[in-house]
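Taking it in order: structure first as structure tokens, then the write-up.
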Amino acid sequence: VALLAAAVRGGRSWDQVADELTLRGGTYGEHPYANTFKAMQIAVAALPPELATALFGLAVFPRDIQIPVAAIARYWAHTRGYDTAKTTDDLHTLAAANVLRVDGDAVGFHDLQHDYLLLYAPTLALLHAELLNAYRTALPAGREQWWHLSSTEPYIWDHLVTHLCDAGER
């Protein structure tokens, strides 16, 4: 219900939301959470297209963790040219749409929210490569090996091997 209410706050009427639910009736077949996915689809459709695309890109982050806003800011600076302030604004817009949650300086997803992102995300290997490229920009010039990365980058230090493997890098 919160997802549908967010779509209404975003400009749709309750009648439009009801019509969209009916139109999307069989989209997710007999999946046990088909109604949740339909509601997420409506909430995401209410977002500006470029923000919805950016949201799907967040599927690159692992499930069941708190993602530092700084990590998303670094990623979106690389992929979208955004600064931390614009990233924070967009994350709060996404939280208001109930498609993620912002807890202080971290972002999290419910398992179903993350599953939904995975359904619509571009090729995950490419997303992992883009995230790694965002962090490569933080490496000192002439020292492109990962061990030269600052210790002030805790997210990537904790998840570097996963992202390297998922990007197909050795």
Point to revise | With every protein chain in place, the stretch 90-162: carbon and sulfur % of accessible area (1.4 Å) | key: 56 percent
Point to revise | Extension reserve of the residue 126-residue 86 stretch, reckoned as 0.36 nm per residue once the Cα distance is removed | key: 12.0 nm
Practice item. Would you kindly state how much longer the chain becomes between residue 15 and residue 119 on full extension, computed as 0.36 nm times their sequence separation minus their alpha carbon distance, in nm to one decimal? Key: 34.8 nm
**Study point:** Loop GluC sites (Glu not before Pro), the stretch 65-170 (other Cβ atoms within 10 Å of the site Cβ: 14 or fewer; DSSP)
**Key:** 144, 169
Check your understanding: Based on the alpha-carbon gyration tensor of the stretch 131-170 and its eigenvalue square roots a ≥ b ≥ c, which shape applies: rounded if a/c is under 1.5, prolate if not and a/b is larger than b/c, or oblate?
Key -> oblate
**Study point:** Cα-projected label distance for residue 161 with residue 141, points at 7 Å along beta-carbon direction, nm
**Key:** 3.4 nm
Study note, to complete from the structure: 1/(1 + (r/R0)^6) with r = Cβ-Cβ of residue 95 and residue 153, R0 = 30 Å, i.e. FRET efficiency to nearest 0.05, evaluates to 0.80
Review point. Taking a 1.4 Å probe, which of 78, 128 shows the most accessible area, and what order do the others take after it?
Key: 78, 128
Check your understanding: Mind listing P(r) for the stretch 75-170? All alpha-carbon pairs, 10 Å bins, whole percents.
Key -> 14, 39, 38, 9, 0
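The values are calculated or read from the model by the stated rules, or taken from the named source; none is laboratory data. All values derive from a computational prediction rather than experimental measurement. Reconstructed Cβ throughout: ideal geometry from the backbone, glycine too, with neighbour counts over all protein chains shown. Surface accessibility is based on the protein's heavy atoms, side chains included, excluding ligands, DNA and RNA. Shrake-Rupley method; radii C 1.70, N 1.55, O 1.52, S 1.80 Å.
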